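For reference, the structure discussed in these notes is given below.
Coordinate-derived values only; no laboratory data. What you are looking at is a predicted structure, and each value in this text was computed from that prediction instead of being measured. Cβ atoms come from the backbone with ideal geometry, glycine included; neighbour counts cover every protein chain shown.
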Amino acid sequence: MITKEFTAFQNKVWLSSPTMHGDELKYMTEAFETNWMSTVGKNINEVEQMAAEKIGRKYAVALSSGTAALHLAMKLAGIKQGDKVFCSDMTFDATVNPVVYEGGVPVFVDTEYDTWNMDPVALEKAFEIYPDVKVVIVAHLYGTPGKIDEIKAICDKHSAVIVEDAAESFGATYKGKQTGTFGNFSIISYNGNKVVTGSSGGMLLTDDLEVANKVRKWSTQSRENAPWYQHEEIGYNYRMSNVIAGVVRGQLPYLEEHIAQKKAIYERYREGFKDLPVKMNPLNTEGVANYWLSCLIIDEDAMCKQVRSENEALYIAEHGKSCSTEILETLAKYNAEGRPIWKPMHMQPIYRMNGFVTREGNGRCKNNAYISGGTVGVDGLPLDVGMDIFERGLCLPSDNKMTANEQDKVIEIIWACFE
């Protein structure tokens, strides 16, 4: 409960905005001056090679967005009308929508507390319920790698293809290997809020030259090698432009610097909140995060009453307690941007009729309503982990241009919410 007032930030403190260095403009200008403004050019060739080398894949294909890369990954995985696909539940909907583009049916696999990523126990349970599924989409949330070895072992056991959504985790590693190397097909994103950006853009990653060439063809309207415009299969306008590639080319050398800045923000929050009834988003002990977004989750007994409809939220302020709604509204009041945790896909109106699997089994009641996050299973954990994290968690201002003083003030504001 806020009992004191603060002066608003003069300049808005952002969640995660682009950090430019100057080289981006040099390569964009090069594209302009050489008149290579479309979807071919030196910048594209360079960023494909740089990304492939950084991640450790043989080939990277530069596309217009991470979503476009995911869509083409769905085609590569052979998804057909009515095919069920296991998907990370607590993620942005861009992870899931491309399944539907190809006529597939997402089935959501619950989250685990250790990393906030797909729960391997729930995944194994999902294969028991849906044994015919042959594609699994795994996202690394907020830059923290999931338990990919366990997930991969389960997928191998059931002969399932992994599509790895590393959109948020570029530069993160698991057991010394970069995320983006674990999927049969993997993707990264250069959206405006990512650790490195092109303002937009993404990559599909593979070790198969035939696959890379197929994606290049599909992404340029599937034009055949003929003297006229010959088309023998459906194509898409998904190629990255040489101008956007210039921005990415200027950004890539600063990846490690940006990650170091993001890590410093995470560590400063963790120190600043050590005596509050909250915890930071977890880190996989077998990997190294890229710390894209710093998040927190409030202890259950420190939550004030909060209720959310489809587009509104209300809370009752209480001494010594707070909730994500109060904190986010208070940050906004002082000109700082936070965000809710990704609302789990099984809670989204568009996907509420889809399957949802927890570590206990089917996560739907007979009327297809989702199980309350307050209901616990035999191990004492909530049956619906994603819902629980969504209710108690939030994303903090994580912009790497935020000063230490600005971050200290954010910490003070959040402390005041618990007073």
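Here the residues Glu48, Glu232, ranked from fewest to most Cβ neighbours within 10 Å of their Cβ, fall in the order Glu232, Glu48. Amide hydrogen proximity for Thr91: with H placed 1.01 Å from N in the peptide plane, the residues at 5 or more positions away or on another chain lying under 5 Å are Met345.
Cross-link pairs exceeding 31 Å in C-alpha to C-alpha distance, out of Lys12/Lys343; Lys75/Lys279; Lys4/Lys262; Lys194/Lys305; Lys80/Lys157, comprise Lys75/Lys279; Lys194/Lys305. Each semi-axis of the equivalent ellipsoid for region 23-254 is √(5λ) with λ an eigenvalue of the Cα gyration tensor; in descending order they amount to 30, 21, 13 Å. Selection among Pro253, Tyr229, Ala302 by position relative to the dipole of the chain gives Tyr229 as farthest towards the positive end (Cβ unit charges, Cα centre). Bridging of Lys175 to lysines at a Cα separation below 17 Å is possible for Lys54, Lys147, Lys152, once same-chain residues fewer than 8 apart are set aside.
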